[in-house]
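Colleague: Structure below; questions to follow.
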Amino acid sequence: MTLPVLPGHPHFAYRDNALFAEDVRVSELAATYGTPLFIYSKTAMLAALASYQRGFEGRDAQICYAMKANSSLAVLQVFARAGCGFDIVSGGELERVQAAGGDLKKVIFSGVGKTRAEMRQALAAGIGCFNVESEAELDVLSAVAAGMKLRAPVSIRVNPNVDPKTHPYISTGLKGNKFGVAHEDALRIYQHAASLEGLKVVGIDCHIGSQITEVTPYLDAMDRVLDLVAAIEAAGIPLAHIDFGGGLGINYNDDDMPPEADALWRQLLAKLDARGYGDRKLMVEPGRSLVGNAGICITEVLYLKPGEQKNFCIIDAAMNDLPRPAMYQAFHAIVPVERAASESAGVVYDVVGPVCESGDWIGRDRALHVAAGDQLAVMSAGAYCMSMASNYNTRGRAAELLVEGDLARLIRARESAADTFRGELLMP
């Protein structure tokens, strides 16, 4: 019998109490490649993308994967071959797109702190658009582009002051956030942009946050952006595209189910049509919703440590591999790779890593049937885990596998200690 681990994870399921990634037994992958180990389902990624594609069917829309969620080259290849563009936030990410064979004309460069060198790099590459986040950045980008005898295509990111009702660290559309320009200043800043010789205004951009699980914030943001579109175009500045960003959440805990992408966009497009902008070119920048539930991290139990107040399950994955719990107090489901036949409640543990920080925890108060040497799967680990991983405590980053059907490919080799200090130099 096949039983999905969690709703939203159909490509990770138990077969006779053994966890499978698509058609590959996870314990066999761990035995071959070691732990910690990230495993991604290609089918899950493409299924998540297909939901957006269904939502935009018949529309002039460009889906740009927000690669900060997971920038591994093979993951980028999957989306490039499926026709996606890319939302980047650094020159290094641009080089990754180039290495993965992405279409540079479908690249959007976001972020509040682009350097002059990054601007020159992106202009020389011929990217599709810069999402500009401040008036000062407009002036610098214009000067850089004019110095190269080019005009930079720009879209200005507008802060609509809409509460996305998410974690404050990943909220980006409120007045107190560092992103974008204030809604009330946007028309004046667009007029300034249109006056600069090195710029060509091509669109407007909005992004209100990440891990959003409700429709209302998107509808509110769309209304405020469309109000601005009307005002900007009335001032004689045409906008070829409208960029509504990303931010759609995923199911981490089976208690706050976000809408499917196609259902979300049916509602948003109905509003767009009602306001007379249904034929406008659209851009969106999903990240987490394409890869989050397509990945898991496999880890081995090292020790069980009972205590007076807490029992600890010490594993070989740590906050350098899975930073979201330490950084955001985030929840990830943790399940056994080989499930016990017993249905009793198990022992309640805090699941913690070996890094020398009290913040190095992966899960609090989890009931588990577990012994030293067993393996656990940390679910929903496809987004903001490997891309945020570090070498803290001189820990090499984990290996990564991409699974398709019954085939598993190594897409990143495990780092050795020597890999972590290869660029360092000893004193003479």
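The values are calculated or read from the model by the stated rules, or taken from the named source; none is laboratory data. All of these numbers come straight from a predicted model, not from anything done at the bench. Every residue, glycine as well, gets a Cβ built from its backbone with ideal geometry; the counts of neighbours run over all protein chains shown.
Colleague: Taking the conditions exactly as written (in contact with a Ser or Thr (Cβ under 8 Å, 6 or more places away or on another chain) and acidic (Asp, Glu)), does Glu22 satisfy them or not?
Modeller: Here the answer is yes, as Glu22 does meet what is asked.
Colleague: Among the residues of segment 199-229, what is the count of those that are assigned to a strand (DSSP E or B) and among the charged types (D, E, K, R)?
Modeller: 2
Colleague: Can you tell me which residue in segment 391-413 is farthest from Leu322 (Cα to Cα), limited to those that are assigned to a strand (DSSP E or B) and among the acidic types (Asp, Glu)?
Modeller: Glu404
Colleague: Additional query: Looking at the structure I just gave you, is Lys114 touching a Phe, Trp or Tyr at 6+ places or on another chain (Cβ under 9 Å), closer than 20 Å to Gly180 by Cα and assigned to a helix (DSSP H, G or I)?
Modeller: Judged against the criteria, Lys114 is not a match.
Colleague: Okay, moving on. Would you confirm, using the coordinates I've provided, whether Asp205 is surrounded by 19 or more Cβ atoms within 10 Å (Cβ to Cβ), among the acidic types (Asp, Glu), within 30 Å of Pro323 (Cβ to Cβ) and under 26 Å from the mean Cα position of the chain (by Cα)?
Modeller: Criteria met by Asp205.
Colleague: In segment 189-201, which residues are out of contact with any Ser or Thr (no Cβ under 6 Å at 6 or more places or on another chain), closer than 23 Å to Leu282 by Cα and not aromatic (Phe, Trp, Tyr)?
Modeller: Ile189, Gln191, Ala193, Ala194, Lys200, Val201
Colleague: Would you check if Ala371 is among the aliphatic types (A, V, I, L, M), assigned to a helix (DSSP H, G or I) and exposed (fewer than 11 other Cβ atoms within 10 Å of the Cβ)?
Modeller: no
Colleague: Something else about it: State whether the residues of segment 337-345 include one that is touching a Ser or Thr at 6+ places or on another chain (Cβ under 9 Å) and either modelled with pLDDT of 95 or more or within 15 Å of Ala21 (Cβ to Cβ) (or both).
Modeller: yes
Colleague: Filter segment 25-70 down to the residues that are assigned to a strand (DSSP E or B), under 17 Å from the mean Cα position of the chain (by Cα) and among the aliphatic types (A, V, I, L, M) and list them by number.
Modeller: Of everything in segment 25-70, those that are assigned to a strand (DSSP E or B), under 17 Å from the mean Cα position of the chain (by Cα) and among the aliphatic types (A, V, I, L, M) turn out to be Ile39, Ile63, Ala66.
Colleague: Continuing with this model, one more query. Return the total of residues in segment 257-283 being among the charged types (D, E, K, R) and without any contact (Cβ under 8 Å) to a residue 40 or more places away in the chain.
Modeller: Selection size over segment 257-283: 1.
Colleague: Considering only segment 242-294, state which residues are among the acidic types (Asp, Glu), in a loop (DSSP other than H, G, I, E, B) and surrounded by 20 or more Cβ atoms within 10 Å (Cβ to Cβ).
Modeller: Correct list: Glu285 only.
Colleague: Quick one: what pairs do we get from segment 140-154, first residue part of a strand (DSSP E or B), second of a type in the set (Ser, Thr, Tyr), C-beta under 9 Å, 6+ apart or different chains?
Modeller: Correct list of pairs: Ala152/Ser142; Val154/Ser142.
Colleague: I need a count of the residues in segment 117-139 that are surrounded by 21 or more Cβ atoms within 10 Å (Cβ to Cβ) and assigned to a loop (DSSP other than H, G, I, E, B).
Modeller: 3
Colleague: Only one of Asp254, Asp205 is at positive phi and touching a residue at least 12 places away in the same chain (Cβ under 8 Å). Can you tell me which?
Modeller: None of the others qualify; the one that does is Asp254.
Colleague: Of these, Ala50, Ala13, Ala61, which one is of a type in the set (A, V, I, L, M) and out of contact with any Phe, Trp or Tyr (no Cβ under 9 Å at 6 or more places or on another chain)?
Modeller: Step by step, each of Ala50, Ala13, Ala61 is checked, and only Ala50 is of a type in the set (A, V, I, L, M) and out of contact with any Phe, Trp or Tyr (no Cβ under 9 Å at 6 or more places or on another chain).
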